[in-house]
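Have a look at the structure below before the remarks.
The values are calculated or read from the model by the stated rules, or taken from the named source; none is laboratory data. The structure displayed is predicted, hence computed values, not measured ones. Glycine also receives a Cβ, built like all others from the backbone with ideal geometry; neighbour counts cover every protein chain displayed. Surface accessibility is based on the protein's heavy atoms, side chains included, excluding ligands, DNA and RNA. Shrake-Rupley method; radii C 1.70, N 1.55, O 1.52, S 1.80 Å.
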Amino acid sequence: MDEVFDVAVIGAGLAGIVAARDLSKNGQKVVLLEARSRLGGRTYMDHGCGDILELGGGYVHWTQPHIWCELQRHGISVNPPMEEGMNYWLADGTVHTGSSEDFYKTALPLLERLFADSRDRFPMPFDPTAIDNTGIEKESIEDRINSLNISSYERDVLEGVLSGVVHSYKDHGIAQLLHAVATYFGNFGAFFETAGTWSIQGGTKRLIDAIMAETTAKLRLSTPVSSITDEGSRVIMRTRHGEEVHARKTIVALPLNTIGDVQITPKLPNMAQLMIAKKKPNHGCIFAPAGKYPLNAARTERYFDGDTLVLCMCSDDASIRCEDRLGVQAALRKFIPSIEVVDFAYHSWVGDEFSQGGWMMNRPGSFTTGAVELRRPHGNIHFAGGDISASEPGSIEGALSSGAQAARDISIKLNKQML
């Protein structure tokens, strides 16, 4: 007879490994299935530029309860941000230079107008569906910016400051951003600090290794799942290699854009299917409106060996060849003519088969509809992950929160069945 696990967790990103850890510590027999040959999902450290670099998600904050609890639990601290230098921003066809204060003198009033109703729309951010937001769910970021009636220069500044979190103003809904800002008391600056300022000492791998040291879950790497069938008494997962894994319950902790590659039976509710089918859109300091320049955000991360490490973000994976050193140099020279690129490291999250995109930004109509549907149990199949989290989707905090919640829900059900 095939071995039957209490729970099978599919996906060993942060949501998956926390869910597997929590379930195993509760005495459940758990198997953790990961398609890649490594742990971490969209957090990823690799050798590059003569160092070990974060090439995926890496920012955390002490205001985020789940990640801060994990860091405190394992005695891990955070790295302070670098002191800001000059800012460069592309607006109205011209590169402008100035201090951070110069840039935000224009940006802050625009951000305040853009997010003026965030607290009204999401008065209790821990419950994104506390009030009916059907109207704004249909609104894109572009729609909201259009309603401000601002100049072309102001628009480019506003889109530039958003470019660190947004890939497409037309394809992303305003609801998720309003919720994010509401979570931090209606202050975009506070939200942005949590999203891209403080990194983990020792990197995300240090945290992942610490969490995995606490689990008794059976780990199976290089095991992509092709189908999941809930038969009522058990769930059967079939891998691409033709193997079967049986469990009483399953947590699917996969990036949204990859769930469609897995055949799930019975079919999910229409709203959940629609969100999966549509997928999510893909994506000193430099600011450029997303879609108007190959690089839409870049900033100094740190200095070493006399060189400067610059983090660049691209809203369109096809707009620039990251392996083209001279091409990247030319893009940066638009802002700093004397800059020389001597080495590079990159990872294409869009081209990665097991992520098919970076962090989550919901399409219009998904944040309080499809994501909510995916958070509900579907028979013995549960979903988790930063992409569908009710708490700070698209972040490490969101992944940990979602994974912990799925583990709690399943533990309660399994314990009741044993009574």
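Things to note:
- Looking only at region 352-373, residues that are among the aliphatic types (A, V, I, L, M) and either surrounded by fewer than 24 Cβ atoms within 10 Å (Cβ to Cβ) or over 17 Å from the mean Cα position of the chain (by Cα) (or both) come to 1 in all.
- Listing of strands (runs of 3 or more DSSP E) fully contained in region 50-121 that carry 3 or more residues being within 25 Å of ILE141 (Cβ to Cβ) and not small (Gly, Ala, Ser): 87-91, 94-98
- Flag for ILE336 being within 30 Å of ALA130 (Cβ to Cβ), assigned to a loop (DSSP other than H, G, I, E, B) and of a type in the set (A, V, I, L, M): no
- Of everything listed in (1) in a helix (DSSP H, G or I); (2) surrounded by 14 or more Cβ atoms within 10 Å (Cβ to Cβ), the single unmet condition for THR300 is (1).
- SER391 farther than 24 Å from SER24 by Cα and assigned to a loop (DSSP other than H, G, I, E, B): no
- Whichever residue in region 44-59 is more than 16 Å from the chain's Cα centre (by Cα) and small (Gly, Ala, Ser) and, among such residues, is surrounded by the fewest Cβ atoms within 10 Å (Cβ to Cβ): GLY50
- Residues located in region 327-351, provided they are aliphatic (A, V, I, L, M) and either in contact with an Asp or Glu (Cβ under 6 Å, 6 or more places away or on another chain) or open to solvent by less than 30 Å² (accessible area, probe 1.4 Å) (or both): VAL328, ALA331, LEU332, VAL341, VAL350
- Filtered by the rule that a residue be β-branched (Val, Ile, Thr) and farther than 23 Å from GLN176 by Cβ, region 378-419 gives ILE381, ILE410, ILE412.
- Scanning region 60-107 for residues that are over 30 Å from LEU14 (Cβ atoms), of a type in the set (Phe, Trp, Tyr) and surrounded by fewer than 19 Cβ atoms within 10 Å (Cβ to Cβ) yields a total of 1.
- Subset of region 196-245 (residues that are out of contact with any Leu (no Cβ under 9 Å at 6 or more places or on another chain) and among the charged types (D, E, K, R)): ARG206, GLU214, ASP230, GLU231, ARG234, ARG238, ARG240, GLU243, GLU244
- Those residues of region 141-177 which are out of contact with any Phe, Trp or Tyr (no Cβ under 8 Å at 6 or more places or on another chain), farther than 14 Å from ARG113 by Cα and charged (D, E, K, R), in sequence order: LYS170, ASP171
- Residues being more than 22 Å from ASN362 (Cβ to Cβ) and open to solvent by less than 10 Å² (accessible area, probe 1.4 Å) are entirely absent from region 129-136.
Conditions (1) modelled with pLDDT under 90; (2) not in a loop (DSSP other than H, G, I, E, B), marked per residue:
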| site | (1), (2) |
| --- | --- |
| VAL328 | yes, yes |
| VAL341 | no, no |
| HIS347 | yes, no |
| GLN356 | yes, no |
| PRO364 | no, no |
| GLY385 | no, no |
| GLY398 | no, yes |
| ARG408 | no, yes |
| SER411 | no, yes |
